[in-house]
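Let me begin by presenting the structure, written as structure tokens, before commenting on it.
The values are calculated or read from the model by the stated rules, or taken from the named source; none is laboratory data. Every value quoted in this text rests on a predicted model; they were computed, and no experiment measured them. Don't worry about glycine lacking a Cβ; one is built from the backbone with ideal geometry, like all the others, and counts go over all protein chains shown. Quick note on the areas: whole protein, heavy atoms, side chains included, nothing else; ligands and nucleic acids left out. Shrake-Rupley method; radii C 1.70, N 1.55, O 1.52, S 1.80 Å.
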Amino acid sequence: MIVYPEVAEPLAGWLSDRLGADVAIADLKRHAEGFSWQTYTLTASWEESGAARSQGYAVRREPEDGLLAPYDVEAQYRIHRAVLDHSDVPMPDLFWLETDPGVLGMPFYVMERMEGVVPVQWRGKDPEIFPTDEARREIGLDFVDVLARIHAIDVDAAGLRDLGPETDPEAAVRREIDFWESFYEDNFLLEVPLLRFIAGWLRRNIATSGRIGLVHGDYRIGNFMLGADRRINAVFDWELAHVGDPVEDLGWLCLRAWRFGNDALAVGG
């Protein structure tokens, strides 16, 4: 029985064109850790010069709609490539970008399938992921170290300056407030006065770290993978990445909301 035939069949043909051989797909799985993009992993097998070949791939498919629509697969692919090429942040390798929605119904890109486990909020007490307090602490230290490497990326050298043209941190913060207030204006179904109050409060109380850098925008538990050595081997979900004040990521990862009622998850979920 083929799982997800609406994905497996067209993707097998698409990969066959890229690899120049008849490709068979196995182990196709859809992953539910993310809240928007569809992620599939698979094993592709084919013959090359009489020898059997196989490769694990991960497919990131743009959603038809969602909380942060419209989405931009080309922008996320470009950010992924820039981080790969201009840092030592652990990232899956990239293979192809497909902007034609005719293959899987929406654009997608293909990257290396990483092996490991994605810690998520609802598994915050899972002994396989967090067997001891010391293991939890080690993951936390690695989590912060990787974030520091993200913030150290030279956005000009990486070609990402268009994600935030300001060189003044306060101007960058104001742009973010404007963006989210506009997002609310364009999408709300029911007026929430508290949100308007918050936007005004933020403008009156702007605080910055005094620097500009690459902000992941959604750096938390659920958006990274641990490898067999229990170190972070991949950071995912860059759709909210922008150039701004890196302290944004610190505020985001400390939100109580990411704890899902589990106070053991003090930082980043």
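Looking at the stretch 228-238, which of its residues are open to solvent by 10 Å² or more (accessible area, probe 1.4 Å), under 18 Å from Met111 (Cβ atoms) and not polar (S, T, N, Q)?
Answer for the stretch 228-238, where residues must be open to solvent by 10 Å² or more (accessible area, probe 1.4 Å), under 18 Å from Met111 (Cβ atoms) and not polar (S, T, N, Q): Ile232, Phe236, Asp237.
Scan the stretch 49-74 for residues that are under 15 Å from Phe108 (Cα atoms), open to solvent by less than 30 Å² (accessible area, probe 1.4 Å) and at pLDDT 85 or above and the total you get is 7. If you check Ala264, Ala234 for being touching a Gly at 6+ places or on another chain (Cβ under 8 Å), modelled with pLDDT under 95, not in a helix (DSSP H, G or I) and not aromatic (Phe, Trp, Tyr), only one passes: Ala264. With respect to the conditions (1) of a type in the set (Gly, Ala, Ser); (2) in contact with a helix residue (DSSP H, G or I) (Cβ under 6 Å, 6 or more places away or on another chain); (3) surrounded by fewer than 21 Cβ atoms within 10 Å (Cβ to Cβ), Ala241 lacks only one, and its number is (3).
For the stretch 89-106, does any single residue satisfy the condition of being touching a Ser or Thr at 6+ places or on another chain (Cβ under 9 Å) and of a type in the set (A, V, I, L, M)? Looking through the stretch 89-106, none of the residues is touching a Ser or Thr at 6+ places or on another chain (Cβ under 9 Å) and of a type in the set (A, V, I, L, M).
On the stretch given as the stretch 13-22, residues that are under 16 Å from Asp100 (Cα atoms) and either open to solvent by 20 Å² or more (accessible area, probe 1.4 Å) or modelled with pLDDT under 95 (or both) total 3. Yes or no: Ala199 of a type in the set (Gly, Ala, Ser), outside any helix (DSSP H, G or I) and touching a helix residue (DSSP H, G or I) at 6+ places or on another chain (Cβ under 8 Å)? When the stated conditions are applied, Ala199 does not pass them. Taking the stretch 184-207 as the region of interest, how many residues are within 22 Å of Leu250 (Cα to Cα) and open to solvent by less than 60 Å² (accessible area, probe 1.4 Å)? The number of residues fulfilling the criteria is 3.
Picking from residues in the stretch 153-167 that are touching a helix residue (DSSP H, G or I) at 6+ places or on another chain (Cβ under 9 Å) and charged (D, E, K, R), the one that is nearest to Gly244 (Cα to Cα) is Glu166.
The rows are residues; the columns are (1) farther than 22 Å from Glu239 by Cβ; (2) part of a loop (DSSP other than H, G, I, E, B).
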{"position": "Asp126", "(1), (2)": "yes, yes"}
{"position": "Phe130", "(1), (2)": "yes, yes"}
{"position": "Arg136", "(1), (2)": "yes, no"}
{"position": "Gly140", "(1), (2)": "yes, no"}
{"position": "Arg149", "(1), (2)": "no, no"}
{"position": "Ala158", "(1), (2)": "no, yes"}
{"position": "Glu166", "(1), (2)": "no, yes"}
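Specify the residue that is modelled with the lowest pLDDT; the eligible residues are those in the stretch 1-12 that are part of a loop (DSSP other than H, G, I, E, B) and surrounded by 14 or more Cβ atoms within 10 Å (Cβ to Cβ). It would help to see each step written out before you state the result.
At the first step, the residues of the stretch 1-12 found to be part of a loop (DSSP other than H, G, I, E, B) are 1-4.
Add one more test, that the residue is surrounded by 14 or more Cβ atoms within 10 Å (Cβ to Cβ), and what stays is 3-4.
Numbers: Val3: 73, Tyr4: 82.
Ranking the candidates gives Val3 first.
Examine the stretch 104-121 for a residue that is of a type outside the set (Asp, Glu), farther than 30 Å from Leu19 by Cβ and open to solvent by 20 Å² or more (accessible area, probe 1.4 Å), and state whether such a residue exists. Quick ask: steps written out before the conclusion?
Of the residues in the stretch 104-121, the ones of a type outside the set (Asp, Glu) are 104-111, 113-114, 116-121.
Going one step further and asking which of them are farther than 30 Å from Leu19 by Cβ, we end up with 119-121.
Next, only the ones that are open to solvent by 20 Å² or more (accessible area, probe 1.4 Å) stay: none.
Within the stretch 104-121, none of the residues are of a type outside the set (Asp, Glu), farther than 30 Å from Leu19 by Cβ and open to solvent by 20 Å² or more (accessible area, probe 1.4 Å).
Need pairs with beta-carbon distance below 9 Å; first residue closer than 16 Å to Ile129 by Cα and within the stretch 248-269, second hydroxyl-bearing (Ser, Thr, Tyr) and modelled with pLDDT of 65 or more; sequence gap 6+ or separate chains. From residues that are closer than 16 Å to Ile129 by Cα, the pairs are Gly268/Tyr219. Leu226 meets the stated requirement of being within 21 Å of Glu138 (Cα to Cα), touching a Pro at 6+ places or on another chain (Cβ under 9 Å) and in contact (Cβ under 8 Å) with a residue 24 or more places away in the chain. Taking the numbered list (1) within 26 Å of Ala241 (Cβ to Cβ); (2) open to solvent by less than 30 Å² (accessible area, probe 1.4 Å); (3) part of a strand (DSSP E or B) in turn, Trp46 passes all entries but (1). Arg149 satisfies every condition listed in (1) open to solvent by 70 Å² or more (accessible area, probe 1.4 Å); (2) in contact (Cβ under 8 Å) with a residue 40 or more places away in the chain; (3) of a type in the set (D, E, K, R); (4) under 20 Å from Ala241 (Cα atoms) except (1).
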